[in-house]
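Trainee: Have a look at this one.
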Amino acid sequence: MSTDAYDRKRSPAKTGEPSGNSKRKPANRNRQPVFVIQEHDASTLHYDFRLEVGGVLKSWAVPKGPSSDPSDKRLAIETEDHPLDYADFEGTIPEGEYGAGTVVIWDRGPYRSLSSEKQHSLDAALRDGHAQVELDGEKLSGGYALQRIDADKGHWLLVKMADGSADARRNPVSTERRSVVSGKTRHQVARDVRREHSE
Ligand code: MN
């Protein structure tokens, strides 16, 4: 897997985002893979859901963000694979650049594939269009299913599985807005970046 599509869309000299193929980390087989969800205040606010698979972050843009309610089916639109370092990116992408706007690390943590129990790798499960993962984040935990609904458009549904961590009343996207890394809201991240640049 590669991040060529990621690199083509970005100008490394102009954006503070990590570059793609330049810094591939050696695989550490003892480490659990990570997921990250980044709130991204671009032309429209959305949440980027990313899963570490095969040395890259498989990525989907979720317009309404993830839900903790199993009856919510959230549209998730496939986007280009991102470099692993992107899981640490919080800040602003400058005006005029691809994805311009503020990025906040909304949730992050290890995950495991529930599909692998059936001798089926997550990569293969995603190619088949149906995967289940168990997240161990600070805001989200337990099972989430990804179901492809339109391969041509790259449209999937992200749905909370009905398990012990399901909660129909929580609505984490609107009630738990702060970064799990800096504790800042997206407005505070944007303000602090502006201050740094004006100093
Ligand atoms: Mn995005």
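Coordinate-derived values only; no laboratory data. All values derive from a computational prediction rather than experimental measurement. Here the Cβ is made from the backbone with ideal geometry for all residues, glycine too, and neighbour counts use every protein chain on show.
Trainee: Once both labels are modelled 7 Å past Cα along the beta-carbon direction, what's the Arg195-Asp167 spacing in nm?
Mentor: Placing both labels 7 Å beyond Cα along the Cβ direction yields 3.1 nm.
Trainee: Just tell me which aspartates and glutamates come within less than 19 Å, Cα to Cα, of Lys184; anything on the same chain fewer than 8 places away is out.
Mentor: Within the straight-line limit of under 19 Å, Lys184 reaches these aspartates and glutamates: Glu17, Glu39, Asp41, Asp48, Asp88, Glu90, Asp107, Glu138, Glu176, Asp192, Glu196.
Trainee: Points 7 angstrom from Cα along the Cβ direction at Asp72 and His130: gap in nanometres?
Mentor: Distance between the two pseudo-spin positions: 2.4 nm.
Trainee: Could you work out how much longer the chain between Asp4 and Arg177 gets when fully extended? Use 0.36 nm per residue separation minus the Cα distance between them, nm to one decimal. Don't jump to the answer; show the numbers that get you there.
Mentor: On the way: separation 173, 0.36 × 173 = 62.28 nm, distance 3.17 nm.
Here the segment from Asp4 to Arg177 would lengthen by 59.1 nm.
Trainee: List Asp48, Asp192 from most exposed to least, where exposure is judged by having the fewest other Cβ atoms within 10 Å.
Mentor: Numbers: Asp48 23, Asp192 14.
Taking fewest neighbouring Cβ atoms as first place, the list is Asp192, Asp48.
Trainee: Per residue of the chain, what 222 nm ellipticity follows from adding -39500 (n - 2.57) for every DSSP H run with n ≥ 4, rounded to the nearest 500?
Mentor: Roughly -3500 deg cm²/dmol at 222 nm, from the helical runs in the chain.
Trainee: Still on this structure, I have one more. Going by alpha carbons, how many degrees (0 to 90, nearest 10) lie between the helix axis of 186-198 and the longest principal axis of the chain?
Mentor: 30 degrees
Trainee: Taking the beta-carbon count within 10 Å as an exposure proxy, list Arg195, Arg170 from fewest neighbours to most.
Mentor: Fewest-to-most ranking of Arg195, Arg170: Arg195, Arg170.
Trainee: Putting +1 on Lys and Arg Cβ atoms and -1 on Asp and Glu Cβ atoms, find which of Tyr98, Gly142, Ala87 reaches farthest to the positive end of the dipole of the stretch 74-181.
Mentor: My answer, from the dipole projection, is Gly142.
Trainee: While we're looking at this one, here's another question. Quick check for the stretch 56-160: number of Lys pairs with alpha-carbon distance under 15 Å, counting only pairs 8 or more apart or on different chains?
Mentor: 4
Trainee: Post the alpha-carbon centroid distance, the stretch 51-73 to the stretch 121-177, in whole angstrom.
Mentor: After rounding, the separation between the Cα centres reads 5 Å.
Trainee: Hey, fewest Cβ within 10 Å first, where do Glu95, Glu134 land in order? Show your work: numbers first, answer last.
Mentor: On the way: Glu95 7, Glu134 17.
Ascending number of Cβ neighbours within 10 Å: Glu95, Glu134.
Trainee: Determine, from the Cβ-Cβ distance of Asp150 and Ala100 and an R0 of 35 Å, the FRET efficiency 1/(1 + (r/R0)^6), rounded to the nearest 0.05.
Mentor: FRET efficiency, Asp150 to Ala100: 0.80.
Trainee: Based on Cβ point charges of +1 for Lys and Arg and -1 for Asp and Glu, what charge dipole magnitude is obtained for the chain about its Cα centre, in debye rounded to the nearest 20?
Mentor: My answer is approximately 140 debye.
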